[in-house]
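Have a look at the structure below, then the notes.
The values are calculated or read from the model by the stated rules, or taken from the named source; none is laboratory data. Since the model is a prediction, treat every value here as computed from it, not as a measurement. Heads up, the Cβs are rebuilt from the backbone with ideal geometry, glycines too, and the neighbour counts pull from every protein chain shown. Only protein heavy atoms, including side chains, enter the accessible area calculation; ligands, DNA and RNA are left aside. Shrake-Rupley method; radii C 1.70, N 1.55, O 1.52, S 1.80 Å.
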Amino acid sequence: MYYNSTRDNGISKTASQVITQGISVEGGLFVPNEFPEISKKDILNLTNKTYVERAEYVLSLFLNDFDDVEIRYCAENAYTNEKFGCDEITPISKLFDDTYMLELWHGPTCAFKDMALQILPYLLTFSAKKTVDNKKIVILVATSGDTGKAALEGFKDVEGTQVMVFYPENGVSSMQKRQMTTQEGKNVSVCAVKGNFDDAQTGVKTIFTNEDVKEKLLKNNMMFSSANSINWGRLLPQIIYYVSSYCDLIKTKQITMGEKINIVVPTGNFGNILAGYYAKKMGVPINKLICASNQNNVLTDFIKTGKYNRVRDFYTTISPSMDILISSNLERLLYDLTNKNDEKIKTWFNSLNENGSYEIDGETKEKLQQEFFAGFCSDEETSKTIKEVFEKTNYICDTHTAVAVKVYEDYKSKTNDITKTIIVSTASPYKFTDSVLKSISVSIPQDDYEQVENLNSITKLEVPKQLSELKNKQIRFDTVIDKKDMIKYVFDLLELDK
Ligand SMILES: *Cc1c(COP(=O)(O)O)cnc(C)c1O
C-alpha cells in the first residue's frame with residue numbers, strides 16, 4: 001500500500017510521509033491507493049476485543065511503514081479510560097427502536113474531534129522521526145470551535161511541536177471560547193481573528209503555501225503541518241469507530257452479522273462522513289450514508305444536483321462547527337467515485353478555486369446519489385428537534401447532533417426505509433449550553449455556569465468535569481488581530497524576522 005494525491009496519480013508516498021506533509025505539493029489530498037478488506041470473519045474476531053485492539057487492527061491496515069509496537073503505543077496512549085471516561089471510548093445508546101446514538105464526545109474536549117486529535121500527535125511524532133529528522137513541527141489550525149481545542153489538548157507539551165490556533169472572534173460558542181483561551185501548555189497559542197471562519201481558514205492557507213515563509217522555516221529547522229481534516233492522520237482514526245460501532249451492535253445483539261445499517265452524520269468539512277464511506281468500502285455492512293447540514297446547505301444542493309456552488313450567503317448558526325462552505329474532503333470522495341480520475345479532480349477543484357463552483361458528470365452524480373442521501377434544517381428546526389427528542393425520550397442532544405436527528409426523520413418519512421440506523425452524536429450538549437437550554441427552557445440566565453447548572457438540573461445529564469473545571473481557570477490568551485496580521489503573529493511567535 002502507498003498513497004497517491006487526488007490531483008496527481010504519479011505521486012506515491014508512505015503513511016509517515018503523508019502524515020507529516022499534510023497536503024500534497026500541487027494542492028491535492030493524500031489517499032491510499034487501495035482499501036484493505038474487512039471480512040465478516042474479521043468483524044467477528046474484533047467483536048470481543050477492546051476499542052484499543054480494534055484501533056490497532058484498523059490502523060495496521062493503513063500505516064504501511066509503522067511497526068506493530070509503534071501502532072500499539074499510539075492506540076494505547078490515545079484511547080484510555082482516563083481520557084474518555086469509559087472503557088467503551090465511544091458508547092452507543094438507544095434513542096428509539098432501531099435508532100442508535102453513537103456518542104463520540106466523551107474525550108477531553110467534549111467533541112468528536114478528540115477521536116482523531118488524541119491520536120494524531122502520536123502518529124505525527126513517529127512519522128516525523130521516520131521522515132524529517134529533528135525538525136520542529138509547527139501546527140497552524142483555523143477553527144470554527146472544536147478542532148482548535150482538540151488540537152491544543154492533543155499537542156500540548158508534545159516535544160518537538162508548536163501549535164497556533166486561530167478562531168473567528170465572534171464565531172464560536174462561549175464555552176468553546178473559554179476552552180481555548182484558558183488552554184495550558186508551553187507550546188500553544190490561541191488568537192482571535194476579526195472575521196468569520198473562512199477568513200481564518202484562508203489566512204492559514206496563505207501562510208501555509210507561501211514559499212518564502214516555508215523557506216524561512218526550513219532554514220530554522222522547522223516545518224508546517226496540518227491538524228485539519230485534510231491530513232490523512234485525522235481521517236484514518238475516524239474509520240475505527242465505524243468498524244467498532246458495528247462490532248458493538250453485533251455484540252449487544254441489536255443486529256445480526258451482515259445486517260446492513262444506515263449512518264447519519266452531521267456534516268461540515270465532510271471528514272466524518274467520508275470515514276464512514278471508507279468503512280463501507282472496506283466491507284462494513286452499511287446501507288445509506290445520510291449527510292445532514294444546517295442552513296449552510298451547500299452539500300445538500302450538491303448531492304441533489306451535482307453542482308457545487310460556494311458563492312452564496314454564509315450563515316452563522318447555532319451549530320457553528322458545521323458553518324462551512326468549502327467541504328475539503330469531498331475531493332477525496334470524488335476521486336474515489338471517478339475511479340481515481342486525477343485530471344477530472346484537478347479541473348473541478350481549480351474551477352472551485354477560480355469561480356467558486358464546479359459541476360460533476362452524470363455518471364459520478366449517479367454513484368454519489370446511490371451512496372448518499374442529503375438534507376438540511378434551519379436553526380428553528382434544530383431547536384424544535386432538541387425539545388421533541390428530550391420530551392419523548394429524555395435524551396438531550398447538542399445542536400449538531402440535533403441536525404442529524406431532524407434530517408434522519410425527514411429521510412425516514414420520505415423513503416419509508418426501516419433499516420436500523422446509527423446517528424453520529426458529535427458533541428456534548430454542554431458545549432452549546434446556551435442554544436440547548438434555549439430549546440427546552442424559557443428562562444435563560446446570562447452567566448455561562450448558571451446556564452450549565454440549569455441544564456443539569458433539567459436534564460440530569462452529568463456535567464463533564466473538563467468543562468466545569470474551566471470556571472476557575474485563568475484566561476491566558478486574549479489577543480485579537482486583523483486577518484492581514486496573521487502572518488506577523490506567526491513570525492513573532494516563532495521569533496523569525498519577517
Ligand atoms: C467538526 C464538527 C462537525 C462536522 O464534522 P466534519 O468532519 O467537518 O464534517 C459536526 N459536529 C461537531 C460538533 C463538530 O465539531
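Among the residues in segment 233-244, are any more than 16 Å from the ligand (Cβ to nearest atom), surrounded by fewer than 18 Cβ atoms within 10 Å (Cβ to Cβ), outside any strand (DSSP E or B) and not β-branched (V, I, T)? Checked against the condition, which is being more than 16 Å from the ligand (Cβ to nearest atom), surrounded by fewer than 18 Cβ atoms within 10 Å (Cβ to Cβ), outside any strand (DSSP E or B) and not β-branched (V, I, T), segment 233-244 yields no hits at all. Only one of the listed residues (V403, V407, V389) is in a helix (DSSP H, G or I), closer than 20 Å to K260 by Cβ and open to solvent by less than 70 Å² (accessible area, probe 1.4 Å). That residue is V407.
Any residue at all in segment 171-191 that is at pLDDT below 95, among the hydroxyl-bearing types (S, T, Y) and crowded, with 21+ Cβ neighbours inside 10 Å? There is at least one residue in segment 171-191 that is at pLDDT below 95, among the hydroxyl-bearing types (S, T, Y) and crowded, with 21+ Cβ neighbours inside 10 Å. Would you say V403 is touching a Cys at 6+ places or on another chain (Cβ under 8 Å), away from the ligand (no atom under 16 Å from the Cβ) and in contact (Cβ under 8 Å) with a residue 60 or more places away in the chain? Taking the combined requirement at face value, the residue does not satisfy it.
For the subset of segment 293-303 comprising residues that are not hydroxyl-bearing (S, T, Y) and not in a helix (DSSP H, G or I), which member is nearest to the ligand (Cβ to nearest atom)? Here the answer is N294. Scan segment 86-128 for residues that are of a type in the set (G, A, S), surrounded by 20 or more Cβ atoms within 10 Å (Cβ to Cβ) and away from the ligand (no atom under 11 Å from the Cβ) and the total you get is 3. Filtered by the rule that a residue be more than 14 Å from the ligand (Cβ to nearest atom) and touching a residue at least 12 places away in the same chain (Cβ under 8 Å), segment 130-151 gives K130, T131, V132, N134, K135, K136, I137, V138, I139, L140.
For segment 275-292, the tally of residues that are part of a loop (DSSP other than H, G, I, E, B) and within 16 Å of the ligand (Cβ to nearest atom) stands at 0.
Residue by residue, here is whether (1) within 20 Å of the chain's Cα centre (by Cα); (2) hydroxyl-bearing (S, T, Y); (3) closer than 18 Å to S127 by Cα holds:
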position: V18; (1), (2), (3): yes, no, yes
position: F35; (1), (2), (3): no, no, no
position: A55; (1), (2), (3): yes, no, yes
position: L59; (1), (2), (3): yes, no, yes
position: E76; (1), (2), (3): no, no, yes
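The residue list G195, G160, G148 contains one member that is within 18 Å of the chain's Cα centre (by Cα) and not aliphatic (A, V, I, L, M), which is G148. Checked against (1) touching a residue at least 60 places away in the same chain (Cβ under 8 Å); (2) part of a strand (DSSP E or B); (3) of a type outside the set (G, A, S), D417 passes all but a single condition, namely (2).
At least 3 residues being among the acidic types (D, E) is the threshold, and among the helices (runs of 4 or more DSSP H) wholly inside segment 1-105 those reaching it are 68-78. Kindly provide the set of residues from segment 253-274 that are more than 14 Å from I422 (Cα to Cα) and either within 16 Å of the ligand (Cβ to nearest atom) or without any contact (Cβ under 8 Å) to a residue 40 or more places away in the chain (or both), ordered by number. Passing the criteria: K253, T256, T267, G268, N269, F270, G271, L274. None of Y411, Y430, Y395 is under 30 Å from A279 (Cβ atoms), aromatic (F, W, Y) and within 16 Å of the ligand (Cβ to nearest atom) except Y430. Restricting S443, S468 to residues that are away from the ligand (no atom under 16 Å from the Cβ) and surrounded by 15 or more Cβ atoms within 10 Å (Cβ to Cβ) narrows the list to S468. Just one of the listed residues (N210, N228) is within 16 Å of the ligand (Cβ to nearest atom), open to solvent by 10 Å² or more (accessible area, probe 1.4 Å) and not acidic (D, E), namely N228. List every residue pair whose Cβ atoms lie under 9 Å apart, where the two residues are 6 or more positions apart in sequence or sit on different chains, the first residue falls within segment 469-490 and is touching a residue at least 24 places away in the same chain (Cβ under 8 Å), and the second residue, located anywhere, is open to solvent by 100 Å² or more (accessible area, probe 1.4 Å) and in a loop (DSSP other than H, G, I, E, B). Between residues of segment 469-490 that are touching a residue at least 24 places away in the same chain (Cβ under 8 Å) and residues that are open to solvent by 100 Å² or more (accessible area, probe 1.4 Å) and in a loop (DSSP other than H, G, I, E, B), the close pairs are V480/K194; I481/K194; D482/K194; K483/K194; I487/K498.
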